[in-house]
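Q: One structure, as structure tokens, below. Some questions next.
All of the numbers you see were taken from the coordinates with simple rules; none came from a lab. Since the structure is predicted, the reported quantities are computational estimates derived from the model, not experimental observations. Cβ placement follows ideal geometry from the backbone for every residue including glycine, while neighbour counts extend to all protein chains displayed.
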Amino acid sequence: MTVIPKKLIVLGAGSFAEEVLDIVQETGLYVVVCFVEGIDRTQCGKNIAGVPVIWIDEIEKHDASCVLLCGVGSPKRKNLIEKTRTTGMEFINVVHPSARISKTVRMGKGNLISVGSILAAGCSIGDHCIINRAAVIGHHVTIENFVTISPGVNIGGGSSIGECSYIGMGAIILDHILVGRNSIVGAGAVVTKNVPDNVQVVGIPAYVSKAI
């Protein structure tokens, strides 16, 4: 049966946008019709790999049958997503064909699951999360809304990542660890104990380097 790709609008026109485009194209399920800029108007009128960049107010000029995905790597994408609520367009999940996702994973909407990622049994993924290249999410891990999991992260079973947190490249989080909301785990950190809300942790073992 022939699959007719849906028209997809990607929020965000930064450096991560072209990688998002590549993932979307490899699914074969969607065609990106535009990228949306919400901060710098000078980016509008340009294009990314031949796809036009528009200002956020122009979304409503598109057919209401279009679907949405946010391709901003920072958890601050929450602000841009909130501005689209009046469009009535649906946020969808984009999962690269090489990702391995257990049938028992529960997932919200607006998530991007990148190349080679693994989501093990019993995981719960909220809304608008980015799980980047080759990330490994252990069994029964909870990832709340607007979380970014960078490439090569390994999260042990039974752990929980709080809303709007950012897990840096190659970080390791041991089993049954709680990472609080709005926190940052630095690249390469090894997290051996719970991380409070609103802090940055770095190092091996990870320690609080500053409040944020």
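Q: With the chain treated as a Gaussian network of Cα nodes joined by springs under 10 Å, which of Ile56, Ile137, Ile149 yields the largest mean-square fluctuation?
A: Ile56
Q: Further question on the same structure: Rank these for me by crowding, Ser98, Ser114, going from fewest to most other beta carbons within 10 Å.
A: With the fewest neighbours first, Ser98, Ser114 line up as Ser98, Ser114.
Q: Of Lys46/Lys109; Lys46/Lys103; Lys7/Lys76; Lys46/Lys76; Lys6/Lys46, which sit over 32 Å apart, Cα to Cα?
A: From Lys46/Lys109; Lys46/Lys103; Lys7/Lys76; Lys46/Lys76; Lys6/Lys46, over 32 Å: Lys46/Lys103.
Q: Relative to the longest principal axis of the C-alpha atoms of the chain, give the angle of the C-alpha long axis of helix 17-27, reported between 0 and 90° and rounded to the nearest 10°.
A: It is inclined by approximately 80 degrees.
Q: Would you mind classifying the stretch 142-183 by shape? Square roots of the alpha carbon gyration tensor eigenvalues, ordered a ≥ b ≥ c; an a/c under 1.5 is rounded, otherwise it is prolate if a/b is larger than b/c and oblate if not.
A: Judged from the Cα gyration tensor, the stretch 142-183 comes out oblate (a/c at least 1.5, b/c at or above a/b).
Q: Then there is this: Report the label-to-label distance for Val51 and Ile39 in nanometres (one decimal), using points 7 Å from each Cα along the Cα→Cβ vector.
A: 1.9
Q: So for the stretch 103-153, averaging the separation of alpha carbon pairs under 8 Å that are six or more residues apart and normalising by length, what relative contact order in percent results?
A: In percent, rounded to a whole number, it is 35.
Q: How many angstrom lie between the Cα centre of the stretch 46-94 and the Cα centre of the stretch 101-163?
A: Their Cα centres are 22 Å away from one another.
Q: So, in nm, how far is label Thr27 from label Ser209 when the simple model puts each one 7 Å beyond its Cα toward the Cβ?
A: 3.3
Q: Could you calculate the FRET efficiency of Ser124 with Lys6 from 1/(1 + (r/R0)^6), where r is the beta carbon distance between them and R0 is 25 Å, rounded to 0.05?
A: 0.45
Q: Hey, what did the chain get for relative contact order, percent, Cα under 8 Å, at least 6 apart?
A: 11
Q: With a cut-off of 8 Å between alpha carbons and a minimum separation of six or more residues, what is the relative contact order of the stretch 6-91 in percent?
A: Taking the mean separation of contacting Cα pairs over the length of the stretch 6-91, I get 35 percent.
Q: Anyone know which of Asp57, Asp197, Asp175 comes out most mobile in the 10 Å Cα GNM of the chain?
A: Sorting by GNM fluctuation, first place goes to Asp57.
Q: So what's the back-of-envelope 222 nm ellipticity for the chain, counting only DSSP H runs of four-plus at -39500 (n - 2.57) apiece and dividing by all residues, rounded to 500?
A: -2000 deg cm²/dmol
Q: Sort 27-34, 176-183 by the packing proxy (mean of other Cβ within 10 Å over each peptide's residues), most packed first.
A: Going by the mean number of other Cβ atoms within 10 Å, highest first, we get 176-183, 27-34.
Q: Next question, about the same structure. What size of dipole, in debye to the nearest 20, comes out for the stretch 94-200 about its Cα centre when the only charges are +1 on Lys and Arg C-beta atoms and -1 on Asp and Glu C-beta atoms?
A: 260
Q: Report the one residue of Asn198, His128, Val24 whose Cα lies farthest in the direction of the positive end of the charge dipole of the chain (charges on C-beta: Lys and Arg +1, Asp and Glu -1; origin at the Cα centre).
A: Asn198
Q: Follow-up question, since we're still on this one. Given the Cα-Cα distance of Asp175 and Lys109 and 0.36 nm per residue of separation, how much length would full extension add, in nm?
A: 21.2 nm
Q: With the chain treated as a Gaussian network of Cα nodes joined by springs under 10 Å, which of Asn145, Asn194, Asn93 yields the largest mean-square fluctuation?
A: Asn194
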